[in-house]
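The values are calculated or read from the model by the stated rules, or taken from the named source; none is laboratory data. Small disclaimer: the values here were computed from a predicted structure and weren't measured. Every residue, glycine among them, receives a Cβ derived from its backbone with ideal geometry; neighbour counts consider all protein chains shown. Each accessible area value is taken on the protein alone, full model and side chains, heavy atoms only, with ligands, DNA and RNA left out. Shrake-Rupley method; radii C 1.70, N 1.55, O 1.52, S 1.80 Å.
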Amino acid sequence: MITSRTAPVRNASLAVTNAVFIGRSVRLSLRNAEALIMAIMLPVMLMLLFTYVFGGAIDPGGDYVNYVVPGIILLCAGFGSSSTAVDVAQDMTSGIIDRFRTMPIRSLSVIAGHVAASLARNLLATGVVIGVAFVVGFRSSAGFLEWLAAIGVIALFILALTWLFAAIGLVAGSPSAASGYGFILLFLPYLSSAFVPTTTMPGWLQGVANHQPITPVIETIRALLAGTPIGHSAWLAVVWCLGILLLALAWSLATFRRKAGRR
């Protein structure tokens, strides 16, 4: 009597699974070119607006572009990262996660794929924004190490913010709700030192602006690129970014397990 044996199904390795889902998210980003263009164009338009329309009134000396560019860089990161919430919410509500659960893979990798693709997309957009900044008059005294440190801070901020938006996408009931929740976070740069020094704000607002995560990140980037005093901004920026990242990771993991199972 001949018996047949079914070969055991082995789970795909974490590296392979992540690579597949990163590739998937990159392809989705390329198909949604309008979102990438808007993530670049909106910060660029704001930079032109603040430089040429408001810059003369804020700083008649013409150096306002050097002050505002770090804030525009983080604004660009915020706009680009916010689309992650919509992408994650779309996956969670379309039923595709249930299909992934039937496969021998780690389903959480679909979220990691969105985050990795968003990080690459936003670093590209940031590079374009910095290039435009040089065209409109931005000048930096930073050397190679300062630029490297600034890029590291920007990348850490984008990573933390993207995981936070991913967590928002997981808890949102629909892509439109995720877009609305994420939009609230995009106001934080306006309540920081991104566009004006916090000392020019009312006293009660200075406390808010000085003790939120965006301000130390902006001041760190500004110090590295423009040579302004860095003070305690650097370690505060790193602590804020790491704290947000760890909180967002824990929130994402707990929410994903609750909604999609433990695979």
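The numbered conditions (1) under 30 Å from A223 (Cβ atoms); (2) modelled with pLDDT under 80; (3) not hydroxyl-bearing (S, T, Y) are all true for L49 except (2). Within segment 147-164, residues that are more than 27 Å from A250 (Cβ to Cβ) reach partners that are assigned to a helix (DSSP H, G or I) with beta carbons closer than 7 Å, at six or more positions or on different chains, in the pairs A149/L224; A150/I221; A150/L224; A150/L225.
Confirm whether V115 is at pLDDT 75 or above, open to solvent by less than 20 Å² (accessible area, probe 1.4 Å) and part of a helix (DSSP H, G or I). Write out each step before concluding.
Values: at pLDDT 75 or above: yes; open to solvent by less than 20 Å² (accessible area, probe 1.4 Å): yes; part of a helix (DSSP H, G or I): yes.
It is true that V115 is at pLDDT 75 or above, open to solvent by less than 20 Å² (accessible area, probe 1.4 Å) and part of a helix (DSSP H, G or I).
Could you run through segment 247-263 and say how many residues are open to solvent by 60 Å² or more (accessible area, probe 1.4 Å), modelled with pLDDT under 85 and assigned to a helix (DSSP H, G or I)? Number of matching residues: 3.
Taken as a whole, the condition of being part of a helix (DSSP H, G or I), modelled with pLDDT under 75, over 16 Å from F195 (Cβ atoms) and open to solvent by less than 60 Å² (accessible area, probe 1.4 Å) applies to I97.
Checked across segment 128-137, the condition of being outside any helix (DSSP H, G or I), closer than 21 Å to L42 by Cβ and either out of contact with any strand residue (DSSP E or B) (no Cβ under 8 Å at 6 or more places or on another chain) or touching a residue at least 60 places away in the same chain (Cβ under 8 Å) (or both) holds for at least one residue. For segment 126-149, filtered to residues that are aromatic (F, W, Y) and closer than 10 Å to V69 by Cα, the residue that is least open to solvent (accessible area, probe 1.4 Å) is F138. Of all the criteria given as (1) modelled with pLDDT under 75; (2) assigned to a helix (DSSP H, G or I), the one not satisfied by L74 is (1). The residue that is modelled with the lowest pLDDT, among those in segment 52-71 that are of a type in the set (V, I, T) and under 22 Å from I154 (Cβ atoms), is V65. Every residue in segment 156-184 that is within 15 Å of I218 (Cβ to Cβ) and aliphatic (A, V, I, L, M), please. If the condition is that a residue be within 15 Å of I218 (Cβ to Cβ) and aliphatic (A, V, I, L, M), then L156, I158, A160, L161 are the ones that fit.
Taking segment 188-217 as the region of interest, how many residues are over 15 Å from the mean Cα position of the chain (by Cα) and open to solvent by less than 30 Å² (accessible area, probe 1.4 Å)? Full working, then the answer.
If we filter segment 188-217 for residues that are over 15 Å from the mean Cα position of the chain (by Cα), which is where we start, we get 190-212, 215-216.
Those left that are additionally open to solvent by less than 30 Å² (accessible area, probe 1.4 Å): 192-195, 198, 201, 209, 212, 215-216.
Of the residues in that region, 10 qualify.
Residues of segment 173-187 include at least one that is aliphatic (A, V, I, L, M), assigned to a loop (DSSP other than H, G, I, E, B), open to solvent by less than 50 Å² (accessible area, probe 1.4 Å) and within 27 Å of V65 (Cα to Cα).
Total residues in segment 188-216 satisfying the condition of being part of a helix (DSSP H, G or I) and under 18 Å from V153 (Cα atoms): the figure is 5.
Scanning segment 224-246 for residues that are over 20 Å from the mean Cα position of the chain (by Cα) and either under 20 Å from L191 (Cβ atoms) or surrounded by fewer than 18 Cβ atoms within 10 Å (Cβ to Cβ) (or both) yields a count of 6.
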